[in-house]
Amino acid sequence: MALTKSSVSLCVALVASTLSASALAAEALKIGMVLPLSGPYASYGQQIERGARVYLQQHGGQIAGRKVELVLKDDTGVSPDAAKRAAQELLGTHKVDILAGFGLTPAALAVAPLATAARKPMVVMNAAASKVTQQSSYIVRVSETLPQVTAPIATWSAMNRVRKVFTLVSDYGPGHDAEAEFKRTFKSLGGEIVGDARVPVGQLDFAKVLPRIKAAQAEAVFLFVPPGEQTVAFTKAFAQAGLDKAGVRIIATGDLTEEGSLDAMGDSALGLITAHHYAESHNSPENKAFVKSYSQAYPTSRPNYMAVGGYDGLQLIDKVLTKTGGDASGDRFMAVAKGMSWTSPRGTMTIDANTRDVVQTVYIRKVQRVNGKLQNVEFDKVSNVKDPGKE
């Protein structure tokens with residue numbers, strides 16, 4: 001049978017497509033991760049990296065049929081210049097296909113213009129200031145925003161007879177977001193803000209602010225500081241000052257009680273109420289599989305929300321590239337990522353097609369001892385939470 005001109009064209013197109021897919025499959029997918037791997041926030045980078053590697057281990061080191069190469073660069077923590085230099089090296093020297101990681105907001109903000117200029121997907125796995133995704137149309141976030149996990153704890157507090165709150169946050173973008181959202185939501189429900197304070201990122205001395213909390217006759221303190229040394233220092237100082245015995249409660253976003261800090265906090269963490277999108281104790285088949293794989297790979301560590309951010313960042317990349325046939329080009333990647341849904345160890349999550357931020361369940365939790373281990377135990381939830389900072 002004679003071939004028509006249109007059938008010949010179709011055959012040529014199919015052969016070209018097959019060759020293109022074969023070429024992509026033979027080429028390693030390079031994911032450049034900008035992470036704090038040294039300094040006071042090194043645990044952030046470690047958790048994100050480990051979560052990503054657990055995903056790869058579960059999937060034979062491949063994404064959409066392509067072998068994956070993770071290229072890590074250290075931004076040292078709150079250092080926008082270091083983050084920018086790291087991303088420039090990943091793009092210029094290593095020729096990465098995708099940028100990922102970003103433990104802290106200043107790093108994400110510094111790299112956003114580079115992602116735009118290079119037209120490369122940028123997958124944010126932790127940095128939580130609301131404005132991050134607005135800095136580039138090539139950014140997609142799989143972690144959280146601070147308003148997203150703050151509004152539910154403000155609502156829970158108001159609904160549970162907490163009337164007077166003192167807010168204490170770190171003095172940078174995510175802290176400002178958390179402070180603004182808590183005040184907005186809590187006051188709209190009839191609550192009263194009796195005082196507020198901002199402290200430098202990394203400050204461990206709370207001697208000046210604790211008497212202010214007591215003098216304000218607050219029933220609770222809403223707290224947001226980066227997890228780690230600051231959270232441990234505050235909860236211990238709070239207890240030493242006798243504020244807990246005076247009936248003052250701590251309410252917070254779940255950053256405060258991430259699993260890596262709970263053991264260091266000890267009994268001072270018991271009873272803390274927080275709102276967050278992930279806990280090691282979350283009861284689902286997906287999370288049990290994740291925790292098992294993580295614990296086998298890293299037996300001296302506990303997975304936290306940053307680890308699941310690294311895991312889900314790779315899961316998003318995998319699902320997008322499966323649909324694109326392995327093509328990681330920026331415009332096509334972002335077009336497919338918008339509206340993408342999947343089941344994470346944290347539960348169902350979706351990428352908002354308009355904001356490129358995650359829509360997810362936020363859980364209300366209480367720190368309790370479970371089988372001898374401090375855990376964030378979920379007892380309530382709010383489903384399908386979008387970022388209130390963009391509404």
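The values are calculated or read from the model by the stated rules, or taken from the named source; none is laboratory data. Owing to the predicted nature of the structure, the values given are computational and were not obtained by experimental measurement. Here Cβ is always computed from backbone atoms with ideal geometry, including for glycine, and neighbour counts include all displayed protein chains.
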Quiz item: Does segment 91-99 contain any residue that is under 15 Å from Gln315 (Cβ atoms), buried (at least 18 other Cβ atoms within 10 Å of the Cβ) and aliphatic (A, V, I, L, M)?
Solution: yes
Practice problem: Specify the residue that is farthest from Gly103 (Cα to Cα); the eligible residues are those in segment 272-309 that are assigned to a helix (DSSP H, G or I) and among the polar types (S, T, N, Q). | Solution: Gln296
Quiz prompt | Members of segment 186-207 that are of a type in the set (A, V, I, L, M, F, W, C) and not in a helix (DSSP H, G or I) | solution = Leu189, Ile193, Val194, Ala197, Val199, Val201, Leu204, Phe206, Ala207
Exercise. May I ask you to say which residue of Val162, Val140 is modelled with pLDDT of 95 or more and in a loop (DSSP other than H, G, I, E, B)?
Key: Val162
Exercise. Quick one: which residue in Leu104, Leu91 is under 29 Å from Gly173 (Cα atoms) and under 16 Å from the mean Cα position of the chain (by Cα)?
Key: Leu104
Quiz item: How many of the residues in segment 185-208 are of a type in the set (Lys, Arg) and touching a helix residue (DSSP H, G or I) at 6+ places or on another chain (Cβ under 8 Å)?
Solution: 1
Quiz item: Residues in segment 358-391 that are farther than 20 Å from Ala279 by Cα and among the acidic types (Asp, Glu): how many?
Solution: 1
Quiz item: Conditions: (1) in a helix (DSSP H, G or I); (2) touching a residue at least 40 places away in the same chain (Cβ under 8 Å); (3) over 21 Å from Asp312 (Cα atoms). Val111 meets all but one. Number of the miss?
Solution: (3)
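A quick yes/no check of all residues on (1) closer than 22 Å to Ala129 by Cα; (2) outside the structural domain of Leu70 (by TED's automatic domain parsing); (3) aliphatic (A, V, I, L, M); (4) at pLDDT 95 or above:
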site	(1), (2), (3), (4)
Lys288	no, no, no, yes
Arg302	no, no, no, yes
Tyr305	yes, no, no, yes
Thr322	no, no, no, yes
Val336	no, no, yes, yes
Pro345	no, no, no, yes
Exercise. Identify, by number, the condition in (1) touching a helix residue (DSSP H, G or I) at 6+ places or on another chain (Cβ under 9 Å); (2) more than 20 Å from Ala289 (Cβ to Cβ); (3) hydroxyl-bearing (Ser, Thr, Tyr) that Ser329 doesn't meet.
Key: (1)
Quiz prompt | Filter pass, Gly195 being within 20 Å of Ala246 (Cα to Cα) and either surrounded by fewer than 21 Cβ atoms within 10 Å (Cβ to Cβ) or assigned by TED's automatic domain parsing to the domain that holds Trp342 (or both) | solution = yes
Quiz item: Out of all the residues in segment 230-282, which are in contact with a Pro (Cβ under 6 Å, 6 or more places away or on another chain) and free of Cβ contacts under 8 Å to residues at least 24 places away in the same chain?
Solution: none
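Suppose the filter is surrounded by 16 or more Cβ atoms within 10 Å (Cβ to Cβ) and assigned to a helix (DSSP H, G or I); does Leu210 pass it? Please lay out each step first, then the result.
On the way: surrounded by 16 or more Cβ atoms within 10 Å (Cβ to Cβ): yes; assigned to a helix (DSSP H, G or I): yes.
Criteria met by Leu210.
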Quiz prompt | Scan of segment 321-336 for residues that are in a helix (DSSP H, G or I) and crowded, with 21+ Cβ neighbours inside 10 Å, ordered by number | solution = Leu321, Phe333
Exercise. Please work out which one of (1) surrounded by fewer than 24 Cβ atoms within 10 Å (Cβ to Cβ); (2) touching an Asp or Glu at 6+ places or on another chain (Cβ under 7 Å) is the condition Gln148 fails and give its number.
Key: (1)
Quiz prompt | Among (1) farther than 16 Å from Thr257 by Cβ; (2) basic (Lys, Arg); (3) assigned to a helix (DSSP H, G or I), the one test that Lys236 misses | solution = (1)
Practice problem: Please enumerate the residues belonging to segment 285-312 that are surrounded by 13 or more Cβ atoms within 10 Å (Cβ to Cβ), over 22 Å from Ala127 (Cβ atoms) and not small (Gly, Ala, Ser). | Solution: Glu286, Asn287, Val291, Tyr298
